[in-house]
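Contents: one structure, followed by commentary.
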Amino acid sequence: MSKFANLTQRFITALMGAIVIVGSLIYDQWSYFVVFLVINLFTQWEFYKLVKLRHHAPQRALGIIVGTFMFTISFLIEMGLLADRYYYVIFPLASLGFLFKLYKKQDKTPFMNVGFYYLGLLYVALPFTLLNIVVFDSGTYDFRVAIGLLLIIWASDTGAYFAGTMFGKTKLFERISPKKSWEGSLGGLLLAIVFALILAKYFDILPLWEWISIAVIVVIVGTYGDLVESLFKRTMKIKDSGKTIPGHGGFLDRFDSLILSIPFIVVFLKLF
């Protein structure tokens, strides 16, 4: 079987997803809000579903409700419709995970399950919540940095896929992800920098050095994001996080690089 047997399916799915995501960002802030709220919801649902496969009880409904609230309240605050003091509401709401477990008499490992509940918030919901800071970084809604971030991630993934498939020999982290190679990572970095150069020309919201810095951050942190998700899947003893996205697995498989990269990008934008 050819190494590129499922390439057509992957390409069509990726193209359709990219059109929806990029289109929602360009159209206006509300279309962005709806699409990424849905992505956040499904990614969290998938995470908790996988945890339950190992017979844990991570309070999935509460986690999704709190994660949805986090994303929504952040969007409304960054948009200027709510005062930033409403961020504090997140903390007592998130703490309900402890209170609810007091009434679960059959739960033999309540603190472990509370830990998985919070992990779903920190690992998935928080990065998507921080994405609101990226799109409102200039004071008003601006899609350019978010689109640039996504394009660099996709370029890095594409470059790594082709370079790794054609030239990959030196294993990057064989214990966690046997298919990843240093050659693939280098290919991803080169294509990410090419896209950063293009973005600097057409999206002047950031200078060239910042776009290149974002590309380097994305390649390094995004690679670790993929490895972290691979470690999670190995722990859960599964191959893919789901079958929702044909050719790409599940939402966690598709957005693992993004959710680990966003916190680092936010810190970079705010500090520099």
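Worth a mention:
- Stretchable slack from M236 to F268, in nm (0.36 nm times residue separation minus alpha-carbon distance): 8.3 nm
- Taking each of K169/K237; K108/K233; K49/K180; K52/K105; K52/K108 in turn, the alpha-carbon distance tops 20 angstrom for K169/K237; K108/K233; K49/K180.
- Between segment 256-272 and segment 71-135, the Cα center-to-center distance that results, in Å: 19 Å
- Computed lengthening from K108 to I205, 0.36 nm per intervening residue step minus Cα-Cα distance: 29.7 nm
- Candidates Y117, Y86, Y141: whichever shows maximal mean-square fluctuation once the chain is modelled as a Gaussian network with Cα springs under 10 Å: Y86
- Charge sum, other residues only, whose C-beta stays under 12 Å from D142's C-beta, Lys/Arg counted +1 and Asp/Glu -1: -3
- Candidates F75, F98, T158 compared by Cα position along the dipole of the chain: farthest toward the positive end lies F98, with charges placed on Cβ.
- Karplus-derived HN-Hα couplings along segment 205-218 (A = 6.51, B = -1.76, C = 1.60, θ = phi - 60°), whole Hz, x at Gly and Pro: 5, 10, x, 4, 5, 6, 5, 5, 4, 4, 4, 5, 4, 4
- Taking trypsin sites (Lys or Arg not before Pro) across segment 63-165, the ones in a DSSP loop with at most 14 further Cβ atoms lying within 10 angstrom of their Cβ are K104, K105, K108.
- Stretchable slack from M16 to K169, in nm (0.36 nm times residue separation minus alpha-carbon distance): 51.9 nm
- Net charge dipole, the chain: roughly 1360 debye, given to the nearest 20, about the Cα centre with Cβ charges of +1 for Lys and Arg and -1 for Asp and Glu.
- When its C-alpha radius of gyration is set against 2.2 N^0.38 Å (N residues), segment 43-179 gives a value of 1.35.
- Debye-sum result for the chain in log10 I(q)/I(0), which assumes one identical scatterer on each alpha carbon, at q = 0.09, 0.10 Å⁻¹: -0.43, -0.54
- Across segment 179-232 the C-alpha pair distances fall into 10 Å bins from zero in the proportions 25, 44, 24, 7 percent.
- Lys, Arg +1 and Asp, Glu -1 on Cβ, resulting dipole of segment 1-145 about Cα centre, debye, nearest 20: 880 debye
- Accessible carbon and sulfur surface of the chain relative to its total accessible area, %, 1.4 Å: 69 percent
The values are calculated or read from the model by the stated rules, or taken from the named source; none is laboratory data. It should be emphasised that the depicted structure is a prediction, and the values quoted were computed from it without experimental measurement. A quick note on method: Cβ atoms are made from the backbone with ideal geometry, for glycine too, and the neighbour counts reach across all protein chains shown. Side chains included, ligands, DNA and RNA excluded: accessible areas come from the protein's heavy atoms. Shrake-Rupley method; radii C 1.70, N 1.55, O 1.52, S 1.80 Å.
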